[in-house]
Amino acid sequence: ADGKQAVEALRSTNFDLVLMDVQMPEMDGLEATRTIRAAASGVRNHAVPIIAMTAHAMQGDRQSCLDAGMNDYITKPVTPAVLSALLEEWLAGPPSSGPPVASAKVLGRAAGPATFNADALIERAMGDRELAEAVAHSFLVDTPRRIAVLRGHLKAGNTKDVECQAHTIKGAAATVGGEGLVGWALALERAGRAGDLASAGSAFAELTAEFERLRQAMEASTLLSKH
C-alpha cells in the first residue's frame, strides 16, 4: 500500500525482485528505494533488483528513478509480454561482479494518442476478450464516479486531492486503451501538483469531454457493441 510497508517487508522476508510503484502515500517509491539501498535500513538484501512501475513517461522521471537506486523502469499499463521479458532479464542470475546495473530502458508502447485503442486493451488481457470486456465495463461504471469526486475536489480547491484523483483516472484510462483521456488526466494531475486551479479547471473540462468520446467509442466497438 505504501513505501513504508515495502521496506518492512524487505526487513522480514527475502525477495528476488521488487516491483516498486513510484507514487504512493506515506513514503513514495523513490524514498523507499533510497531507504532500501541505505546500509542502516535493516533490509535483508540491499542490492535486490528494484523495478520502477509508473505511468510517468518523461525523461526526468526516468532519471529520478535511476538516481534513487532503481535498476530498471517499466511504464504502466504493463503488458504481460514486456513484464515477462523484464523478469527474465533480472531474475536470470546475479551479475558477474558488483551490484545490478541500471539498464535505463523505457519499456512500453509509444504511439500517438487514440480515443480508444481496443487492441491494446485486449493485448493487456493476454488475448482474453471476456476479461477485456469485463475490464471495459468496470471502467465505464467506475470512472463517472471518480470524475464526480474530482469535480468536488476542484470546487473545494483541494489541489492535492485533485492530483491524486487525476492520477488514478490516468492509470485506469491507460489500462483500457483510452489514450486521449490519459493525456488530459496527466495535464490535470500536473496542474494539481502545481496548485494551479485555473489550469486544472480547463483540463477538467477537456477530460470530461474526452471521457464522453471514449465512452461512445467503447460502446460502439466490437468488444462491447454486441450487448
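Of note:
- Residues of the range 61-85 classified as assigned to a helix (DSSP H, G or I), crowded, with 16+ Cβ neighbours inside 10 Å and touching a helix residue (DSSP H, G or I) at 6+ places or on another chain (Cβ under 8 Å), total: 2
- When E133 is tested against (1) acidic (D, E); (2) under 17 Å from S221 (Cα atoms); (3) modelled with pLDDT of 95 or more, just one condition goes unmet, and that condition is (3).
- Flag for Q23 being part of a loop (DSSP other than H, G, I, E, B), over 22 Å from W90 (Cα atoms) and out of contact with any strand residue (DSSP E or B) (no Cβ under 6 Å at 6 or more places or on another chain): yes
- Residue in the range 182-196 that is charged (D, E, K, R) and within 18 Å of L140 (Cα to Cα) present: no
- Residue match in the range 41-49 (condition: of a type outside the set (S, T, N, Q), surrounded by 15 or more Cβ atoms within 10 Å (Cβ to Cβ), modelled with pLDDT of 85 or more and under 23 Å from E123 (Cβ atoms)): no
- Filtered by the rule that a residue be closer than 26 Å to S84 by Cβ and open to solvent by 80 Å² or more (accessible area, probe 1.4 Å), the range 112-129 gives D119, E123, M126, R129.
- When A132 is tested against (1) among the small types (G, A, S); (2) within 28 Å of L83 (Cα to Cα); (3) open to solvent by 40 Å² or more (accessible area, probe 1.4 Å), only condition (3) is not met.
- Tally of residues being open to solvent by 30 Å² or more (accessible area, probe 1.4 Å), of a type in the set (A, V, I, L, M) and part of a helix (DSSP H, G or I) across the range 26-40: 3
- Screening the candidates V182, V149, V162 for the property of being within 29 Å of A81 (Cα to Cα) and either open to solvent by 60 Å² or more (accessible area, probe 1.4 Å) or not hydroxyl-bearing (S, T, Y) (or both) yields one hit, V182.
- Residue within the range 136-152 that is more than 17 Å from Q216 (Cα to Cα) and modelled with pLDDT under 95 present: no
The values are calculated or read from the model by the stated rules, or taken from the named source; none is laboratory data. Owing to the predicted nature of the structure, the values given are computational and were not obtained by experimental measurement. Glycine gets a Cβ as well: all are built from the backbone with ideal geometry, and neighbour counts include every protein chain shown. Side chains are part of the model used for accessible areas, which takes the heavy atoms of the whole protein and leaves out ligands, DNA and RNA. Shrake-Rupley method; radii C 1.70, N 1.55, O 1.52, S 1.80 Å.
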